[in-house]
Structures are given as C-alpha cells and as structure tokens.
Amino acid sequence: MGSTKKPKSTKPAAGAQADPLKLAGLKAVIEDARQAAVSSSKGPADPTNYNTFVQRLKAVQGKFPPLYEQSYVTPYIQTITGLGAAKFAQVLSSDPDREGAAGLMFDLGQAILQHGEGYLKPETRAFQEFISDLYDGFLSAEDRRGVKEPDLGVIPPLAKWGNPDAGPYTWPIDAAKSFNVGAGVVNMPPGNADGGLVAWAALGHETAGHDILHADKGLQPELAQALRTNLDSLGNGLAAYWADRIDETSSDVMGLLNLGPAAGIGLIAYFRALGAAFGQPAKLRSDGPDNDPHPADIVRGYLAAEVVALLSFSGHAAWSKLIAAETDKDRGTITLAGQTISPALARKSAKIVAQTLVQGKTQSLEGHALGDIQGWADSDEAIVQAMRGPLRDGKPLPPTPGGEKLYAAHLVSAAVMEALATGKDIGKLQANLITQLNKLHDANPSWGPLFVSQPGQLRRDYFIPQALRRLRRAM
C-alpha cells in the first residue's frame, strides 16, 4: 500500500484465524451496514444564523495544527466574514437543497466546527487519520518518484460527519478552493461512526479516488480518452459509457489500489446493505441509467474483480475469482445507458477498463500509471493478517512483519477482513479499530505543532544500504 516496489514475498503466516475467503461473516457485515444506513443520527444541524456561525468559527480558531490553520481555517473564516450577513443569506436562498454553493459552504465550515468543538472526537480523529493516510500515500516521496506533485492540492481533506441520505461523499479540492481553502472535505454518515464498518472501505473511493484525481489537472480527461480508444472495438456504446463515468470509475480503481481486496468485496457488501436499507433487493443493480454518473453496480463488481486480478499479492487470483462470483450472484439483465449488454461483454469491458486505468501510462503523471504509484503486495497482506487478531481482541498491535510501515489502510482492511471472516462482534471490532487509528493520529506530524504538509516526505536518504543498517542495529 505504502510502496509499489516489488518486495520480497512475505506471505501471510498460517494460523488459526478464520479464512475471509469463505465469507462466513458476509451476512452479518451486510446487516451491520444496513443498520447503520437506517440510523436516525443526522449529525450537527447547519448553522444558518450568520452571526452565530461566525462566532463559533472564531471560537475554534487556533485549535488546529499550523498546516490547517494557515491553509484552511483562517482563509475560510476570512471568506465567510467577507461575505457579510446579506450575501450569506443570498447563498442560502440560492441553494435551498444544499446541493451546490450552500452545501459546500456548510460542509467546509462543519469540518472546522466538528474538529474544533470535539464532535464525536475519537471517531473524527480516526476518520481523519484514515483519509490523511490515503491521501499522503499517493504523494509520498518513495511512491511518487519521477511524478510531480498534484497541481491543486497536497493537503489531505478534512473529515466531517453528516448528511446520512447522501452516504459517503467528498468535495474535492477543485470545488473547495472556491472558498479559498487548501483542502477538500470528506463526509460520512454519523451512523458509520459506531456501525457499518464496511462503509469505511468506501473511503478509499472518496479520498484516494475523487480527492486525489481532481488534484491533478488533465488526468481524468486523459484517462477518459484512453478508455474511449481502448473500448471502441467493443461497440454497444461501452466506450462512451465508461469514459463518461471516468470520475467514479477511476475512483473505484484508486480505492482498490490503496486497500486491496477489502475494497472490492466491501463494495458488494455495502451496496447490498444499502439496497436492503432503502427497501430494495439486497443485491447489486444490473441497470445503469444514462443519467447516473456511476456505472451500474454489477459492472463495478466486475471492475473490482479485474483490478484485484492485476494486484501483485499472491492471493490476487483467488480474491478476483471470489469477487466476480459474488457479483454474478446478483446479476440480472445488464442494461447500460439503455443498451442491453451480455454478461461476457460486460466482463470483457471491465477487464479493459482495469488494464487501462491501472497500467496505462499518462502524460499527466509524467509517463507513469496509477498502478506505478499505488499497489497492494504480499507485504500488505501479511500486515493485514497480523493485525486481524489484535483488532478483534482489543490487544496492543504487534510489530509489522518484516518491519514494514503500518498504515491506517492496513488497519481498516484488517478490520473488514476479520468481520467478513467471522461476522462476530463487529461493533467491538470497529471500536478497537477507532482506538488504534487514534494512536496513529497521535503520531501524525501533520496534526502536531510543526508545519508538515506531507508526512510521507519525512524520510532520510541513506548512503549505507538497508541490509547493512539492519545488521548494525542487530549488533
């Protein structure tokens, strides 16, 4: 996850832990997510009184680390105070459904208030650590050799709770900069603070996907054109269908590159849960309307299977087969933008999309592919396996196998895999995950007293090879 170097194979050690490939806990995971989706918790109300809003914002100013104080909190407060009460009211009246400018304004402000006022403090800090880790992973010096920084933003988005009807979503930096801030916002329904564990796997789509992809000018149009070219021979409108949904499609791919198979099987479990929560069949949708910016659930399942097949960890084939088989269980007549597509053609198109987005070299990334920067290896799987038991039992985390760095993404993947393996005590498992993510957050330099925008860049450049350094430490 943290590095795309080809490490020496470190296969997960055999043990007594249940095998997540058997999906014994899948029904329980889906039910956990369904209950979270129907939660009545809506989060803090939007502060529609201008004077009160400004007072609350100023009261928390100074409670943030320098990075966010200078790049986000101060410029946002200056923007709001510059509006004045009359223009503030005008923004509200122009967007009564909170889908545009008013929705963005309040989400940016709620992120400040929730962090500053301590709303769901442990859960918010855990949420923040996870999305910060995902964002920083794409910017780390080790993974991004030969690729310039994103054009629009290098600061991880802020976490925020609310808007349960909208589910997980993000305002990427290209939208957020309208309010002069230097980072976006990622939202989660409040019901997912203590339930619906598998929804956390969706954050790879939002943060490693939308937020990062929107920060590189020209990247998504270039990827879309590559899809049009590579899918053209399939006909049936598939080239346009996938290319027109490049934002959601490429974000799915990025989530999988950052979280491994947990993001793929998690997508299926989460969509089944949402179907059940909203009075629909608990299955993936096979219909993809022309006006939906998301690909149909069924082809997103196939895409997940094909991306996992391209990952470098030794279990990629088994997980790809399993994700495809689970997708097939829900398959109906596949209709994409009004065109009926055979299952074989849908799967073939998903394979081409996966290859194009994971392996295709782009000018926007200086001749690199997304898969060159992020990936999932045996070393990542070994860490996940090592962390499952301690997360389940609430015990201290052990050293990582091989001394590899532990990332928040490893912990979220480990928790999801443990839940899928057994289905037992999912609420306790999520609480333990939040505790451990808080410990990582305590050590995150971006949230300390120094101005550190990219923790992944904090590394020494050594003259002596790593193997010799390890021998010296062992003496």
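Ordering 418, 222 from largest to smallest accessible area (1.4 angstrom probe), what's the sequence?
Sorted by accessible area, descending: 222, 418.
Taking loop as defined by DSSP and a crowding limit of 16 other beta carbons within 10 Å, which chymotrypsin sites (Phe, Trp or Tyr not before Pro) in region 295-370 fit?
none
Can you tell me the order of 44-56, 185-197 when each peptide is scored by its average per-residue count of other Cβ atoms within 10 angstrom, highest first?
The packing order, highest mean first, is 185-197, 44-56.
Whole-Hz ³J(HN,Hα) for each residue in region 257-269, computed from phi via Karplus 6.51 cos²θ - 1.76 cosθ + 1.60 with θ = phi - 60°, x for glycine and proline: what do you get?
Computed from phi, the couplings for region 257-269 are 5, 8, 10, x, x, 4, 5, x, 5, x, 4, 5, 4 Hz.
Can you tell me how much longer the chain between residue 49 and residue 287 gets when fully stretched, taken as 0.36 nm per residue apart minus their C-alpha distance, in nm with one decimal?
Result for the pair: 81.4 nm of gain on full extension.
Find the percent of Cα-Cα distances in region 309-363 that exceed 12 Å, and round it to a whole number.
Taking all Cα-Cα pairs of region 309-363, the fraction more than 12 Å apart is 73 percent.
Give the span of region 223-356's Cα atoms along each principal axis, as three whole-Å numbers ordered largest to smallest.
38, 31, 24
Find the percent of Cα-Cα distances in region 93-139 that exceed 17 Å, and round it to a whole number.
51 percent
Multiply the residue separation of residue 435 and residue 366 by 0.36 nm, subtract the distance between their alpha-carbon atoms, and state the gained length in nm to one decimal.
20.9 nm
Test of the criteria: in region 369-423, which trypsin sites (Lys or Arg not before Pro) are in a DSSP loop and have at most 15 other Cβ atoms within 10 angstrom of their Cβ?
In loop regions of region 369-423 (DSSP not H, G, I, E or B), the sparsely surrounded trypsin sites (Lys or Arg not before Pro) are 405.
In sequence order, what are the phi-derived ³J(HN,Hα) couplings for region 73-89 according to the Karplus relation 6.51 cos²θ - 1.76 cosθ + 1.60 with θ = phi - 60°, rounded to whole Hz, with x for glycine and proline?
Each residue's phi maps through the Karplus curve to give 5, 4, x, 5, 4, 4, 5, 5, 5, x, 5, x, 4, 5, 6, 4, 5 Hz.
Per residue of region 172-183, in order, report the coupling 6.51 cos²θ - 1.76 cosθ + 1.60 (Karplus, θ = phi - 60°) as ³J(HN,Hα) in whole Hz, putting x for Gly and Pro.
Rounded to whole hertz, the list is x, 4, 5, 8, 5, 5, 4, 9, 6, 9, x, 8.
Under 5 Å between amide H atoms, partner at least 5 residues away or on a different chain: which partners does residue 158 have, H built in plane at 1.01 Å?
For residue 158, the qualifying residues are 184, 185, 186.
Would you tell me the accessible area of residue 370, worked out with a 1.4 angstrom probe on the heavy atoms of the protein chains, in Å² to the nearest 10?
0 Å²
Between residue 174 and residue 117, what length comes free when the chain is fully extended (0.36 nm per residue of separation minus the Cα-Cα distance, one decimal in nm)?
Extra length from residue 174 to residue 117 when fully extended: 17.9 nm.
Provide the FRET efficiency to the nearest 0.05 for the residue 98-residue 69 pair, computing r from the beta carbons and using R0 = 22 Å.
With R0 = 22 Å, the Cβ-Cβ based efficiency is 0.25.
The values are calculated or read from the model by the stated rules, or taken from the named source; none is laboratory data. Remember, predicted model here, so these are calculated numbers, not experimental data. Here the Cβ is made from the backbone with ideal geometry for all residues, glycine too, and neighbour counts use every protein chain on show. To get the accessible areas, we keep the full protein, side chains included, count just its heavy atoms, and leave off ligands, DNA and RNA. Shrake-Rupley method; radii C 1.70, N 1.55, O 1.52, S 1.80 Å.
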